[in-house]
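A short write-up of the structure that comes next.
The values are calculated or read from the model by the stated rules, or taken from the named source; none is laboratory data. A quick note: this is a predicted structure, and the numbers were derived from the prediction, not measured. Every residue, glycine among them, receives a Cβ derived from its backbone with ideal geometry; neighbour counts consider all protein chains shown. Heads up: the accessible areas ignore ligands, DNA and RNA and are worked out on the full protein's heavy atoms, side chains in. Shrake-Rupley method; radii C 1.70, N 1.55, O 1.52, S 1.80 Å.
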Amino acid sequence: MATILITEDDPLVGSFLEKGLRAGGYSTTLVGNAEQAEALGLSGAFDLLILDLHLPDRDGSEVLRELRARGSRLPVLVLTGRSELDVVALLDAGADDYMKKPFRLDELLARVRARLRHSGSEQPHVLDAGELHLDLQTHRVTSHEKTVELTSREFRLLETLLRHADQVLSREQLLSQAWGYGFDPGTNVVNVYINTLRHKLGADVIETVRGVGYRLRR
(Lines give C-alpha, C1' and ligand atoms only; values in the text may rest on other atoms or scores of the structure.)
Protein backbone atom coordinates (compact mmCIF):
# COMPACT_ATOMS: atom_id res chain seq x y z
CA MET A 1 0.00 0.00 0.00
CA ALA A 2 1.49 3.32 -1.07
CA THR A 3 1.42 6.22 1.39
CA ILE A 4 0.11 9.54 0.09
CA LEU A 5 0.51 12.98 1.66
CA ILE A 6 -2.41 15.31 0.89
CA THR A 7 -1.98 19.06 1.33
CA GLU A 8 -5.37 20.76 1.15
CA ASP A 9 -6.73 23.58 3.34
CA ASP A 10 -10.39 23.07 2.39
CA PRO A 11 -11.76 20.52 4.92
CA LEU A 12 -14.46 19.25 2.54
CA VAL A 13 -12.06 18.69 -0.35
CA GLY A 14 -9.49 17.17 2.01
CA SER A 15 -12.04 14.74 3.44
CA PHE A 16 -13.21 13.82 -0.08
CA LEU A 17 -9.64 13.09 -1.16
CA GLU A 18 -8.87 11.01 1.92
CA LYS A 19 -11.99 8.90 1.61
CA GLY A 20 -11.50 8.35 -2.11
CA LEU A 21 -7.83 7.44 -1.84
CA ARG A 22 -8.36 5.12 1.13
CA ALA A 23 -11.17 3.40 -0.75
CA GLY A 24 -8.67 2.99 -3.57
CA GLY A 25 -6.31 1.13 -1.26
CA TYR A 26 -3.91 3.89 -0.24
CA SER A 27 -2.74 5.08 3.16
CA THR A 28 -3.16 8.85 3.56
CA THR A 29 -2.12 11.75 5.76
CA LEU A 30 -3.89 15.10 5.40
CA VAL A 31 -2.30 18.45 6.26
CA GLY A 32 -3.60 21.96 5.70
CA ASN A 33 -0.64 24.26 5.25
CA ALA A 34 2.69 24.66 3.48
CA GLU A 35 4.84 24.30 6.60
CA GLN A 36 3.50 20.83 7.38
CA ALA A 37 3.63 19.80 3.71
CA GLU A 38 7.28 20.76 3.42
CA ALA A 39 8.33 19.04 6.65
CA LEU A 40 6.52 15.79 5.88
CA GLY A 41 7.43 15.91 2.21
CA LEU A 42 11.10 15.85 3.20
CA SER A 43 10.63 13.09 5.79
CA GLY A 44 10.95 10.23 3.31
CA ALA A 45 7.79 8.63 4.70
CA PHE A 46 5.58 9.15 1.64
CA ASP A 47 5.35 7.84 -1.92
CA LEU A 48 3.38 10.72 -3.44
CA LEU A 49 2.35 14.28 -2.58
CA ILE A 50 -0.99 15.72 -3.71
CA LEU A 51 -0.43 19.47 -3.41
CA ASP A 52 -3.00 22.25 -3.54
CA LEU A 53 -1.52 25.56 -4.70
CA HIS A 54 -3.81 27.75 -2.59
CA LEU A 55 -2.55 27.38 0.99
CA PRO A 56 -3.02 29.77 3.93
CA ASP A 57 0.64 30.37 4.80
CA ARG A 58 2.42 30.12 1.44
CA ASP A 59 1.71 29.33 -2.18
CA GLY A 60 1.96 25.63 -2.91
CA SER A 61 4.41 26.30 -5.73
CA GLU A 62 6.91 27.53 -3.10
CA VAL A 63 6.63 24.17 -1.32
CA LEU A 64 7.31 22.43 -4.61
CA ARG A 65 10.40 24.52 -5.33
CA GLU A 66 11.74 24.01 -1.80
CA LEU A 67 11.32 20.23 -2.01
CA ARG A 68 13.23 20.11 -5.29
CA ALA A 69 15.89 22.53 -4.07
CA ARG A 70 16.56 20.22 -1.12
CA GLY A 71 16.92 17.18 -3.34
CA SER A 72 13.51 15.54 -2.83
CA ARG A 73 12.38 13.30 -5.68
CA LEU A 74 8.93 12.74 -4.17
CA PRO A 75 6.36 12.61 -7.00
CA VAL A 76 4.05 15.64 -6.81
CA LEU A 77 0.56 15.87 -8.28
CA VAL A 78 -0.68 19.47 -8.13
CA LEU A 79 -4.35 20.37 -7.67
CA THR A 80 -5.49 23.88 -8.44
CA GLY A 81 -8.70 25.83 -8.79
CA ARG A 82 -7.00 28.67 -10.68
CA SER A 83 -8.58 29.41 -14.02
CA GLU A 84 -5.29 30.64 -15.46
CA LEU A 85 -2.26 28.48 -14.82
CA ASP A 86 1.27 28.69 -16.19
CA VAL A 87 1.69 24.97 -16.81
CA VAL A 88 5.22 25.32 -18.16
CA ALA A 89 6.36 27.19 -15.03
CA LEU A 90 4.66 24.62 -12.82
CA LEU A 91 6.36 21.68 -14.53
CA ASP A 92 9.69 23.52 -14.54
CA ALA A 93 9.29 24.01 -10.78
CA GLY A 94 9.22 20.23 -10.38
CA ALA A 95 5.58 19.12 -10.62
CA ASP A 96 5.08 15.64 -12.10
CA ASP A 97 1.44 16.16 -13.02
CA TYR A 98 -1.46 18.52 -12.37
CA MET A 99 -5.26 18.57 -12.31
CA LYS A 100 -7.69 21.45 -12.23
CA LYS A 101 -10.61 21.61 -9.80
CA PRO A 102 -13.28 20.39 -9.98
CA PHE A 103 -11.96 16.95 -10.84
CA ARG A 104 -13.32 13.43 -11.16
CA LEU A 105 -12.15 10.98 -8.51
CA ASP A 106 -11.66 8.15 -11.00
CA GLU A 107 -9.33 10.33 -13.08
CA LEU A 108 -7.41 11.39 -9.98
CA LEU A 109 -6.95 7.74 -8.96
CA ALA A 110 -5.77 6.86 -12.46
CA ARG A 111 -3.18 9.66 -12.36
CA VAL A 112 -2.03 8.55 -8.90
CA ARG A 113 -1.56 4.99 -10.13
CA ALA A 114 0.38 6.25 -13.14
CA ARG A 115 2.74 8.37 -11.02
CA LEU A 116 3.38 5.52 -8.59
CA ARG A 117 4.11 3.09 -11.43
CA HIS A 118 6.47 5.59 -13.01
CA SER A 119 8.34 6.16 -9.75
CA GLY A 120 8.44 2.48 -8.84
CA SER A 121 6.63 3.22 -5.57
CA GLU A 122 3.92 0.59 -5.86
CA GLN A 123 4.53 -1.63 -2.87
CA PRO A 124 3.83 -5.26 -1.94
CA HIS A 125 0.63 -5.83 -0.01
CA VAL A 126 2.39 -7.78 2.78
CA LEU A 127 4.77 -6.10 5.23
CA ASP A 128 7.18 -8.35 7.14
CA ALA A 129 9.55 -8.05 10.08
CA GLY A 130 10.93 -11.40 11.18
CA GLU A 131 8.01 -13.58 12.24
CA LEU A 132 5.58 -10.66 12.09
CA HIS A 133 3.46 -10.33 8.93
CA LEU A 134 0.83 -7.71 8.09
CA ASP A 135 -1.41 -8.16 5.04
CA LEU A 136 -2.69 -4.80 3.78
CA GLN A 137 -5.41 -6.34 1.62
CA THR A 138 -6.99 -8.72 4.12
CA HIS A 139 -6.04 -6.69 7.25
CA ARG A 140 -4.70 -9.93 8.74
CA VAL A 141 -1.77 -9.86 11.15
CA THR A 142 0.18 -12.97 12.12
CA SER A 143 2.99 -13.36 14.64
CA HIS A 144 4.88 -16.66 14.79
CA GLU A 145 2.16 -18.14 12.52
CA LYS A 146 -0.63 -17.15 14.95
CA THR A 147 -3.32 -14.64 13.96
CA VAL A 148 -3.38 -11.48 16.07
CA GLU A 149 -6.62 -9.52 16.29
CA LEU A 150 -6.08 -5.76 16.04
CA THR A 151 -8.44 -2.80 15.96
CA SER A 152 -8.28 -0.56 12.88
CA ARG A 153 -6.19 2.03 14.78
CA GLU A 154 -3.80 -0.59 16.14
CA PHE A 155 -3.45 -1.95 12.61
CA ARG A 156 -2.58 1.47 11.19
CA LEU A 157 -0.06 2.17 13.93
CA LEU A 158 1.61 -1.20 13.37
CA GLU A 159 1.60 -0.58 9.62
CA THR A 160 3.45 2.70 10.16
CA LEU A 161 6.04 1.03 12.37
CA LEU A 162 6.51 -1.82 9.88
CA ARG A 163 7.00 0.56 6.96
CA HIS A 164 9.88 2.10 8.91
CA ALA A 165 11.21 -0.99 10.69
CA ASP A 166 14.53 -0.36 12.47
CA GLN A 167 13.94 3.40 12.23
CA VAL A 168 13.12 5.52 15.27
CA LEU A 169 9.80 7.35 14.85
CA SER A 170 8.78 10.17 17.16
CA ARG A 171 5.38 10.31 18.84
CA GLU A 172 4.53 13.24 16.53
CA GLN A 173 5.37 11.20 13.42
CA LEU A 174 3.25 8.30 14.64
CA LEU A 175 0.38 10.66 15.45
CA SER A 176 0.45 12.23 12.00
CA GLN A 177 0.55 8.85 10.24
CA ALA A 178 -1.96 6.90 12.32
CA TRP A 179 -4.26 9.62 13.64
CA GLY A 180 -3.76 12.69 11.46
CA TYR A 181 -3.17 16.24 12.63
CA GLY A 182 -6.52 16.62 14.37
CA PHE A 183 -5.06 15.18 17.59
CA ASP A 184 -3.38 17.15 20.35
CA PRO A 185 0.40 16.53 20.07
CA GLY A 186 0.52 16.45 23.87
CA THR A 187 -1.81 13.47 24.14
CA ASN A 188 -0.51 10.14 25.45
CA VAL A 189 -2.62 8.10 23.00
CA VAL A 190 0.51 6.83 21.20
CA ASN A 191 1.94 5.46 24.45
CA VAL A 192 -1.34 3.70 25.22
CA TYR A 193 -1.54 2.03 21.82
CA ILE A 194 2.15 1.07 21.85
CA ASN A 195 1.58 -0.72 25.14
CA THR A 196 -1.45 -2.50 23.67
CA LEU A 197 0.59 -3.67 20.66
CA ARG A 198 3.33 -4.93 22.98
CA HIS A 199 0.74 -6.89 24.95
CA LYS A 200 -0.55 -8.53 21.77
CA LEU A 201 2.73 -9.00 19.88
CA GLY A 202 5.34 -9.34 22.61
CA ALA A 203 7.07 -6.89 24.90
CA ASP A 204 10.32 -6.85 22.93
CA VAL A 205 8.85 -6.17 19.46
CA ILE A 206 8.68 -2.37 19.88
CA GLU A 207 11.63 -0.64 21.49
CA THR A 208 11.43 2.69 23.32
CA VAL A 209 14.28 5.06 22.46
CA ARG A 210 14.23 7.39 25.44
CA GLY A 211 13.65 11.02 24.56
CA VAL A 212 13.21 10.24 20.85
CA GLY A 213 10.39 7.78 20.13
CA TYR A 214 9.78 4.15 19.17
CA ARG A 215 11.38 1.58 16.88
CA LEU A 216 10.03 -1.74 15.63
CA ARG A 217 12.74 -4.39 15.60
CA ARG A 218 13.06 -6.74 12.63
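Looking only at the range 27-38, which residues are open to solvent by less than 10 Å² (accessible area, probe 1.4 Å), part of a helix (DSSP H, G or I) and in contact with an Asp or Glu (Cβ under 7 Å, 6 or more places away or on another chain)?
Correct list: A34 only.
How do the pairs read when you match residues in the range 37-51 that are without any contact (Cβ under 8 Å) to a residue 40 or more places away in the chain with residues anywhere that are open to solvent by 10 Å² or more (accessible area, probe 1.4 Å), using Cβ under 7 Å and keeping only pairs 6 or more apart or on different chains?
Correct list of pairs: E38/E66; G41/S72; G41/L74; L42/R70; L42/S72.
If I filter the range 198-218 down to residues being basic (K, R) and closer than 24 Å to E149 by Cα, which single residue comes out as modelled with the lowest pLDDT?
Checking each candidate, the answer is R218.
Are any residues in the range 102-115 within 17 Å of K19 (Cα to Cα) and surrounded by 14 or more Cβ atoms within 10 Å (Cβ to Cβ), and if so, which ones?
Within the range 102-115, F103, L105, L108, L109, R111, V112, R113 qualify.
Can you find even one residue in the range 53-63 that is surrounded by 19 or more Cβ atoms within 10 Å (Cβ to Cβ), within 14 Å of the chain's Cα centre (by Cα) and assigned by the TED database to the domain that holds L85?
no
If you go through the range 39-52, how many residues are surrounded by fewer than 21 Cβ atoms within 10 Å (Cβ to Cβ) and at pLDDT 90 or above?
2
I need the full set of residues from the range 176-197 which are surrounded by fewer than 16 Cβ atoms within 10 Å (Cβ to Cβ) and at pLDDT 90 or above, in order please.
N191, V192, N195, T196
Show the residue pairs that are 6+ apart or on different chains and have beta-carbon atoms under 7 Å apart, the first residue being within the range 133-147 and open to solvent by 20 Å² or more (accessible area, probe 1.4 Å), the second being of a type in the set (D, E, K, R) and assigned to a strand (DSSP E or B).
T147/R140
Mind listing whichever residues of the range 73-93 are open to solvent by 20 Å² or more (accessible area, probe 1.4 Å) and either under 19 Å from E35 (Cα atoms) or among the aromatic types (F, W, Y) (or both)?
R73
Please state which of the following conditions L136 fails to meet, knowing it meets all the rest: (1) of a type outside the set (S, T, Y); (2) more than 30 Å from L51 (Cβ to Cβ); (3) in contact with a His (Cβ under 8 Å, 6 or more places away or on another chain).
(2)
Taking the criterion of being under 23 Å from T3 (Cβ atoms) and modelled with pLDDT of 85 or more, would at least one residue in the range 115-123 satisfy it?
Yes, the range 115-123 contains at least one residue that is under 23 Å from T3 (Cβ atoms) and modelled with pLDDT of 85 or more.
Do the conditions hold for D96, that is, is it of a type outside the set (A, V, I, L, M, F, W, C), within 19 Å of the chain's Cα centre (by Cα) and open to solvent by less than 70 Å² (accessible area, probe 1.4 Å)?
yes
Do we have any residue at all in the range 10-17 that's under 28 Å from T138 (Cβ atoms), open to solvent by 30 Å² or more (accessible area, probe 1.4 Å) and assigned to a helix (DSSP H, G or I)?
So far as the range 10-17 goes, yes, one or more of its residues are under 28 Å from T138 (Cβ atoms), open to solvent by 30 Å² or more (accessible area, probe 1.4 Å) and assigned to a helix (DSSP H, G or I).
Would you check which residues across the range 88-107 are aliphatic (A, V, I, L, M) and touching a strand residue (DSSP E or B) at 6+ places or on another chain (Cβ under 7 Å) and list them?
L90, A95, M99
Mind checking which pairs have a first residue in the range 65-87 that is among the acidic types (D, E) and a second that is open to solvent by less than 40 Å² (accessible area, probe 1.4 Å), Cβ under 8 Å, 6 or more apart or different chains?
E66/E38
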